[in-house]
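Worksheet: one structure, shown below.
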Amino acid sequence: MAVRYLSVSRRYTIDCCRLTSSASTRSFLGFFSTAAEQRSAGDDCHGDDDHSHSMTRVRTLETRAKKLEQQVDDLTERYKRALADSDNVRRRTQKFVEDAKLFGIQSFCRDIVEVADLLEKSSVVEERDGAQQLSQYLAHIQGRLQEVFTKHGLEKMSPIGGQYDPYQHEIVCHRPAEGAEPGTVAVVKQDGYMLHGRTIRHALVGIAVKTQEQ
């Protein structure tokens, strides 16, 4: 009797353990199943957010690209206009330089023709008034010519008695000093001229030298 009771009690205990184990297993599996479903649902929501964020970024990049294209077009147009303006300025400047070369002495020529008119009248003065009046008339022409030269910055050199300057003078002969300082200009064979301080024609001069007698 006692043995049978122990057997029945042991079987009942095992069945309860199996029952308890099976219920726990189902509960445990149910918990993981629910967690998996929640995770899947969370992943789906997160995936939608990523897609929306990617689309927003694409639209932003497209907008920036359009703005950059507009800026490039604007800069290209400005560059073309600047290039055209620069070319126009270059052509106008070139034309101005060419005109300056051709007509830069226009004012000088206008003044010098007045002197030419006076010279043409010199023959009439000689025939009418004689040699003395002609001499005075030529002196007047010479004075008028020097006025024109001075007005336009053209200056005749006066090297007599001055030191020899290779930038202004060209030696054509030597003369005994005879009281002049050796190495100075003793005689001028042809006048030299300077334009605004620059030599445009050297003066042909004779230089005083010390002789043996001296």
Among (1) under 24 Å from Gly192 (Cα atoms); (2) open to solvent by 70 Å² or more (accessible area, probe 1.4 Å); (3) at pLDDT 90 or above; (4) under 36 Å from the mean Cα position of the chain (by Cα), which single condition is Val113 missing?
(4)
Among (1) at pLDDT below 90; (2) closer than 21 Å to Thr199 by Cα, there is one condition Leu134 misses while meeting the rest; what is its number?
(2)
Give Ser33, Ser86 a once-over and let me know the one that is surrounded by 10 or more Cβ atoms within 10 Å (Cβ to Cβ), at pLDDT 65 or above, among the small types (Gly, Ala, Ser) and out of contact with any Asp or Glu (no Cβ under 7 Å at 6 or more places or on another chain).
Ser86
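Would you mind finding the one in Lys80, Lys121, Lys95 that is over 49 Å from the mean Cα position of the chain (by Cα) and without any contact (Cβ under 8 Å) to a residue 24 or more places away in the chain?
Numbers: Lys80 fails: over 49 Å from the mean Cα position of the chain (by Cα); Lys95 fails: over 49 Å from the mean Cα position of the chain (by Cα).
The match here is Lys121.
Are any of the residues in the stretch 142-154 among the small types (Gly, Ala, Ser), within 30 Å of Lys189 (Cβ to Cβ) and in contact (Cβ under 8 Å) with a residue 40 or more places away in the chain?
yes
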Does the stretch 189-196 include one or more residues that are surrounded by 14 or more Cβ atoms within 10 Å (Cβ to Cβ) and more than 30 Å from Ile105 (Cβ to Cβ)?
no
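Would you point out which residue out of Arg81, Arg128 is modelled with pLDDT of 90 or more, among the charged types (D, E, K, R) and assigned to a helix (DSSP H, G or I)?
On the way: Arg128 fails: modelled with pLDDT of 90 or more.
So the residue among Arg81, Arg128 that is modelled with pLDDT of 90 or more, among the charged types (D, E, K, R) and assigned to a helix (DSSP H, G or I) is Arg81.
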In the set Gly192, Gly130, Gly153, Gly161, which member is at positive phi and in contact with a His (Cβ under 6 Å, 6 or more places away or on another chain)?
Gly153
Within the stretch 147-197, take every residue that is over 47 Å from the mean Cα position of the chain (by Cα), charged (D, E, K, R) and outside any loop (DSSP other than H, G, I, E, B) and give me the one that is modelled with the highest pLDDT.
Lys189
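The values are calculated or read from the model by the stated rules, or taken from the named source; none is laboratory data. The structure displayed is predicted, hence computed values, not measured ones. Don't worry about glycine lacking a Cβ; one is built from the backbone with ideal geometry, like all the others, and counts go over all protein chains shown. SASA here: full protein model, heavy atoms, side chains in, ligands and nucleic acids out. Shrake-Rupley method; radii C 1.70, N 1.55, O 1.52, S 1.80 Å.
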